[in-house]
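Visitor: This is the structure I have questions about; it appears just below.
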C-alpha cells in the first residue's frame with residue numbers, strides 16, 4: 001500500500017471511530033456463487049426478507065462514505081450509491097418493511113439514558129443515531145433480539161444481525177447473515193470499506209452482539 005493510501009486509511013479510521021460507524025480494515029475476498037434473488041419475497045418470513053435485502057445491497061455498486069449527512073425523517077437515507085456498515089443493516093430491514101431510523105429515534109426519545117453517551121449528545125439526532133453501531137446494538141437488545149454467544153457457524157440463520165469489535169483498535173462493525181454460504185460458513189453482508197459485500201467473516205473479529213428477529217411488531 002502506498003504512503004498516500006495509508007494516510008487516507010488512517011484518516012478514515014479516525015473519523016469512523018469518532019462517528020461510531022465502523023472501520024475500513026481489509027480488502028475484498030472472492031466468494032462462492034450467490035443464490036438468485038427472488039422476484040417477489042413479500043410473502044416470505046421476516047428474517048428471510050431481511051437477508052434478501054442485504055443480498056440486494058451486495059449486488060449494488062456502492063462506495064464507503066462515513067460523512068455526517070442531514071437526511072429526511074422518517075425513511076431518510078444517505079445517497080443510494082454510498083454508505084457504511086450500519087447502512088447495509090438499515091437498508092436490509094427497510095426491504096422487510098422496517099424503518100430503523102424511526103424505530104431507533106422513537107426509542108431513544110423515550111429512553112435516552114439507556115443509550116451510549118460516546119458522542120456527547122444531549123438529545124437524539126435523527127440524522128445519525130440509527131447509523132451508529134452501538135445504538136443499533138442497544139436497540140436490538142431492548143427489542144428482545146439478543147442471542148447467547150456462539151462459535152458454531154450452523155447456529156446462525158439468514159437475517160441474523162451480527163456485530164463485532166474489530167481487532168487492532170476495537171472499533172464497532174455490523175452486518176447481516178445472508179442465505180448464501182461458502183462451504184459450511186454462512187456469508188455476511190457488510191460494508192467494511194469496499195461497499196457492501198457478502199463474505200465468510202462471521203468469526204473474523206471478536207463478536208459483540210448477535211440478534212435474531214423472526215417477526216417485527
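Each value in this text was obtained by applying a stated rule to the coordinates, not by laboratory testing. The structure displayed is predicted, hence computed values, not measured ones. All Cβ positions, glycine included, derive from the backbone under ideal geometry; neighbour counts span all protein chains shown.
Visitor: For 108, 75, 207, what's the fewest-to-most ordering of other Cβ within 10 Å of each Cβ?
Guide: 75, 207, 108
Visitor: Now for a separate question. Using a 10 Å cut-off around each Cβ, can you sort 50, 161, 152 from fewest to most neighbouring Cβ atoms?
Guide: On the way: 50 30, 161 25, 152 7.
Going from least to most buried by this count: 152, 161, 50.
Visitor: Based on other C-beta atoms within 10 Å, arrange 39, 137, 198 from fewest to most.
Guide: By the 10 Å Cβ count, ascending: 39, 137, 198.
Visitor: So between residue 111 and residue 125, what do we pick up on full extension, going 0.36 nm a residue minus the alpha carbon distance? Could the numbers behind the result be given before it?
Guide: Numbers: separation 14, 0.36 × 14 = 5.04 nm, distance 1.35 nm.
Here the segment from residue 111 to residue 125 would lengthen by 3.7 nm.
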